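To start, the structure under review is shown below, and the notes come after it.
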There are 2 protein chains.
Amino acid sequence: MSLQPVAADALPYSAESLRVWGAACLRALKVPDDAAEEVAGSLVQTSLWGIDSHGIGRLPHYLNRIAHGSIRPQPSITITRSGPSTAQVDGDQGLGMAVSHRANREAIAIARENGVAAVGVSDSSHCGAVGLYARAAARQGLIGIAFTHSDKIAAPHGGSRAFLGTNPISIAFPRANGEPVCLDMATTSIPWNRVMNARREGLPLPAGVAVDVTGRETTNADDTRALQPLGGEGYGHKGYALALMIELLCGPLNGNPFGPQIGPMYEELTRPRHIGAFFIVIDPQRFAGGPTLAATIEHLATALAAEPGSPIMPGDPEIKVAAERSQHGIPIEPGLREQIAEWSERLGVAAPVAMDQTQA
Amino acid sequence: MSLQPVAADALPYSAESLRVWGAACLRALKVPDDAAEEVAGSLVQTSLWGIDSHGIGRLPHYLNRIAHGSIRPQPSITITRSGPSTAQVDGDQGLGMAVSHRANREAIAIARENGVAAVGVSDSSHCGAVGLYARAAARQGLIGIAFTHSDKIAAPHGGSRAFLGTNPISIAFPRANGEPVCLDMATTSIPWNRVMNARREGLPLPAGVAVDVTGRETTNADDTRALQPLGGEGYGHKGYALALMIELLCGPLNGNPFGPQIGPMYEELTRPRHIGAFFIVIDPQRFAGGPTLAATIEHLATALAAEPGSPIMPGDPEIKVAAERSQHGIPIEPGLREQIAEWSERLGVAAPVAMDQTQA
């Protein structure tokens, strides 16, 4: 997942302060302790990685949906095993992150037991960065693959109007002596939440990634009505096709709606979204190279770093940003600071304080 | 997979004539009947789809490798089940298409039995278009996912020299009343075999997809030393990361070499390539939307066709070309016609005759 630029007027907040604040807000809306900690922790982890499109900046939206009744703070999540290696997890309109972590843990347990797992999620909501789940499997020595979908945001190749979601994929492998190697990408050039952040902060979008209501390219976040698929003008059929396959895996396969049938993330806030996800977890030890896999990946990383241009492994930029932000704080932009203040007041929760203000 | 332009001086050959010719050539090199039919049939099927980079044009190369001893015409393929849903298939340096069909059939059988299968392939060779395998699973009502890798051809994002393969992915779903919907794409903008065909026919490459020995962009197929990852300059980190994950799934996970460790496809013809592949097959009936999946996909296709620009489903272009080529023949370009003539003479096999020559 690409790291996003941060506005100059952002202020740094410690991960811990945001985690405590986020969990308190969720608890104030009757989310149980463990789910509140898990969701706030996952959002802040995502912010630490530098993926601000899916970090703590999304919490106000989750709170808003709980307040409007379209996310249930205390869902009755059910897991149905349909065979030795498959399960369907029904999220009962819960917080997508809590539902998805539960489904992913089931996939991890199945993969340990039977070598591979395929677990589908139905009736859930926005699950955040799918890299959370793939990395969780990889940290336990397994190969994690995670997918989700969304309401219509991406124009299909050959079309000009939003139809599919930005439908991301994440794949992570364990790596010797370090954090997993991890792909985590939207199948559009940029994720929709980057448009939302650009709107909030009044920033432009890069060229060639978005179209307006007429289907013409635009860099104006306010005018943006659809994102273009990964691959651009010449090869957008690839990003589009990948997005469509992910739509089928997460939507129709689990009995969920697809693209245009899904309620919009930031509108119709009382309408449940019935979002799906799909997790595949593989135990490398069932394959010939399993015992040496993590070491071979480290060897590959070393060989890659010695190439001209010193290319880096997918996931390494996030690890580097996390180290930096753990020390110097997570930058929070003015628009988000306002939202944090508003929700703190509304829920009677102590607002987090920026690091430099603390030191002042 | 993108359909490729055909030179004006190509002549049409019937699929049947090319299939008969291909199987005869393989038998002449001691490939058993069933494998010869399967490989020739798969190559011609790929040509029918319009994927000329992976069609019958690759047979001379397979023949050349058998003749040089680096592909075994009669391998001892072994299948080791490592659990209820996983297997390792050792190809014993056989023809990649024969080995991969065998592995994919095992994955299909496992998925039917236990809901999902993950099957890795080791010590094989070029397996052709991965869409062959994903579609084969989807034609049986299952979800097929197929990956393979290759020797170093693609420059990593941030680098300028080839390191990874073009590492394709295919995903196919069953569709009511028709051929499967199917993604089949290289994770570079174009596949390497399109460079080989352009060299053979003296044609240029599109802009922005290839670099020369200095790492600078080129459209000259002869000068091309590495392909750029899907996503181009701004978003090539995505195509690169996807390629790297596929490399790990197909290479190190199965005990095979990776990128720079793999012998080049068209050089060192006596050196076995130890190429891998990876197949995941999922039974939709284990998930909540399984019973209605194929019908929902057809419904989605109809909704999509009604959108501005009438976008089409992935895989539909290939189906359309196949209908056209089944009737009017597969276009064979002059360079390939020469290779066909040479191999026919060398192996004492009757050369196929172009359709318009037959009618003359």
Exercise. Looking only at segment A:38-51, decide whether some residue is within 20 Å of the chain's Cα centre (by Cα) and more than 28 Å from residue A:313 (Cα to Cα).
Key: no
Quiz prompt | Any hit, segment A:63-80, residues being modelled with pLDDT of 95 or more, closer than 17 Å to residue A:129 by Cα and away from chain B (no Cβ under 14 Å) | solution = no
Self-check item: Selection count, segment A:257-272, where residues are out of contact with any Asp or Glu (no Cβ under 7 Å at 6 or more places or on another chain) and either closer than 30 Å to residue A:109 by Cα or in a helix (DSSP H, G or I) (or both)
Solution: 4
Exercise. Among the residues of segment A:29-55, write down those that are closer than 16 Å to residue A:195 by Cα and part of a helix (DSSP H, G or I).
Key: A:52, A:53, A:54
Self-check item: Residues satisfying the stated conditions in segment B:217-231, i.e. buried (at least 21 other Cβ atoms within 10 Å of the Cβ) and touching a helix residue (DSSP H, G or I) at 6+ places or on another chain (Cβ under 9 Å)
Solution: B:224, B:227, B:228, B:229, B:230, B:231
Practice problem: Just give me the residues in segment A:273-300 being more than 8 Å from chain B (Cβ to nearest Cβ) and surrounded by 19 or more Cβ atoms within 10 Å (Cβ to Cβ), in sequence order. | Solution: A:273, A:274, A:275, A:276, A:277, A:278, A:279, A:281, A:294
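Conditions tested, residue by residue: (1) within 8 Å of chain B (Cβ to nearest Cβ); (2) more than 25 Å from residue A:282 (Cα to Cα).
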| site | (1), (2) |
| --- | --- |
| A:154 | no, yes |
| A:157 | yes, yes |
| A:167 | no, no |
| A:188 | no, yes |
| A:205 | no, yes |
| A:208 | yes, yes |
| A:214 | no, yes |
| A:225 | no, yes |
| A:232 | yes, yes |
Self-check item: Residues that are at the interface with chain A (Cβ under 7 Å from one of its Cβ atoms) and either over 20 Å from residue B:279 (Cα atoms) or modelled with pLDDT under 95 (or both), drawn from segment B:234-253
Solution: B:234, B:235, B:237, B:238
Quiz item: Which pairs do you get when a residue that is under 16 Å from residue A:178 (Cα atoms) and assigned by TED's automatic domain parsing to the domain that holds residue A:181, found in segment A:297-311, comes within reach of a residue that is surrounded by fewer than 15 Cβ atoms within 10 Å (Cβ to Cβ) and of a type outside the set (Asp, Glu), reach meaning Cβ atoms under 6 angstrom, with the pair 6+ apart or on two chains?
Solution: A:298/A:176
Quiz item: Restricting attention to segment B:7-23, does a residue exist that is in a loop (DSSP other than H, G, I, E, B), buried (at least 24 other Cβ atoms within 10 Å of the Cβ) and at pLDDT 95 or above?
Solution: no
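State all residues of segment A:104-121 that are within 12 Å of chain B (Cβ to nearest Cβ) and within 17 Å of the chain's Cα centre (by Cα); if no residue qualifies, say none.
A:120, A:121
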Quiz item: Looking at segment A:344-360, which of the residues that are within 15 Å of residue A:328 (Cβ to Cβ) and surrounded by 10 or more Cβ atoms within 10 Å (Cβ to Cβ) is modelled with the lowest pLDDT?
Solution: A:358
Quiz item: Any idea which of (1) surrounded by fewer than 22 Cβ atoms within 10 Å (Cβ to Cβ); (2) under 28 Å from residue A:18 (Cα atoms); (3) of a type in the set (A, V, I, L, M) is the one residue A:306 doesn't satisfy?
Solution: (2)
Self-check item: Residue list for segment B:122-149, filter: farther than 22 Å from residue B:315 by Cβ and either within 10 Å of chain A (Cβ to nearest Cβ) or at pLDDT below 95 (or both)
Solution: B:122, B:123
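The values are calculated or read from the model by the stated rules, or taken from the named source; none is laboratory data. Treat the numbers as computed from the prediction; the structure is a model and nothing was measured. Here the Cβ is made from the backbone with ideal geometry for all residues, glycine too, and neighbour counts use every protein chain on show.
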